[in-house]
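To start, the structure under review is shown below, and the notes come after it.
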Amino acid sequence: MFDIYGAYTRLGLVAAFATVLADQAAKLWLLLVYDLPARGAFALGPYFDIVLTWNTGISYGLFPQQGTLGQWALFGVKIAAVVLLWVWLARAGSVLVAIALGMILGGAAGNAIDRLAYGAVADFVLFHFTAGGFRFNWYVFNLADVGIVAGVAGVLYDSLFRPGAAKAP
């Protein structure tokens, strides 16, 4: 029988909860308190703007879904990913992997909450820079996405640099 609680599961779940909390708090504040839809975009600094976009697809807006069936299919994929990540978390062998997987879980859950509440994911951070008349705009993202990317970076770091990690020949 599979044990859903490994040595570091609680730590990973705390990281997941913190990621969901930060993501949802930022979104709710921007949507309901600041009223970003009515007030519009604003600069957060020289390289970041706060804008509002609704992502009906998956990462980077791939596979946008406007219909109910497509939205539920994407939600189902997210649920499956969360279950598989939880299994991996229960087997995590280090603090870094547990925190990283928790951040990925929290990011997936934060975006899934948006899908249930709004039918799309609220993205609001636009990274950009201008050099020599050329303007580069990165994708618009949210704090759940930051958690997912940071979590993936943590898992990759652990798999490449921890003592005893399998190395390519």
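The values are calculated or read from the model by the stated rules, or taken from the named source; none is laboratory data. The structure presented is a predicted model; accordingly, all values stated were derived computationally and were not measured. Backbone-built Cβ (ideal geometry, glycine too); neighbour counts: all protein chains shown. Calculation scope for accessible area: heavy atoms of the full protein, side chains included, ligands and nucleic acids excluded. Shrake-Rupley method; radii C 1.70, N 1.55, O 1.52, S 1.80 Å.
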Self-check item: Top-ranked residue of the range 51-71 - restricted to ones that are modelled with pLDDT under 65 and in a helix (DSSP H, G or I), ranked as surrounded by the fewest Cβ atoms within 10 Å (Cβ to Cβ)
Solution: Tyr60
Quiz item: Is the range 82-90 home to any residue that is in contact (Cβ under 8 Å) with a residue 24 or more places away in the chain, open to solvent by 70 Å² or more (accessible area, probe 1.4 Å), part of a helix (DSSP H, G or I) and under 15 Å from Val14 (Cα atoms)?
Solution: yes
Quiz item: What is the residue count in the range 138-156 for residues that are in contact with an Asp or Glu (Cβ under 9 Å, 6 or more places away or on another chain), within 19 Å of Asp49 (Cβ to Cβ) and of a type outside the set (D, E, K, R)?
Solution: 7
Self-check item: Test for Ala165: is it closer than 19 Å to Trp88 by Cα and at pLDDT 95 or above
Solution: no
Practice problem: Looking for whichever is small (Gly, Ala, Ser), out of contact with any strand residue (DSSP E or B) (no Cβ under 7 Å at 6 or more places or on another chain) and either surrounded by 23 or more Cβ atoms within 10 Å (Cβ to Cβ) or modelled with pLDDT of 95 or more (or both) here; the options are Gly147, Gly119, Gly133, Gly93. Which one fits? | Solution: Gly147
Quiz item: Does Leu74 satisfy being at pLDDT 90 or above, surrounded by 13 or more Cβ atoms within 10 Å (Cβ to Cβ) and not β-branched (Val, Ile, Thr)?
Solution: no
Quiz item: Given the conditions (1) open to solvent by 50 Å² or more (accessible area, probe 1.4 Å); (2) modelled with pLDDT of 95 or more, and given that Leu44 satisfies all but one, which numbered condition is not satisfied?
Solution: (2)
Exercise. Return the pairs, sorted by first residue and then second, in which the second residue is at pLDDT below 90 and open to solvent by 40 Å² or more (accessible area, probe 1.4 Å), the first residue lies in the range 122-145 and is hydroxyl-bearing (Ser, Thr, Tyr), the beta carbons are less than 8 Å apart, and the residues are 6+ apart or on different chains.
Key: Tyr139/Tyr60
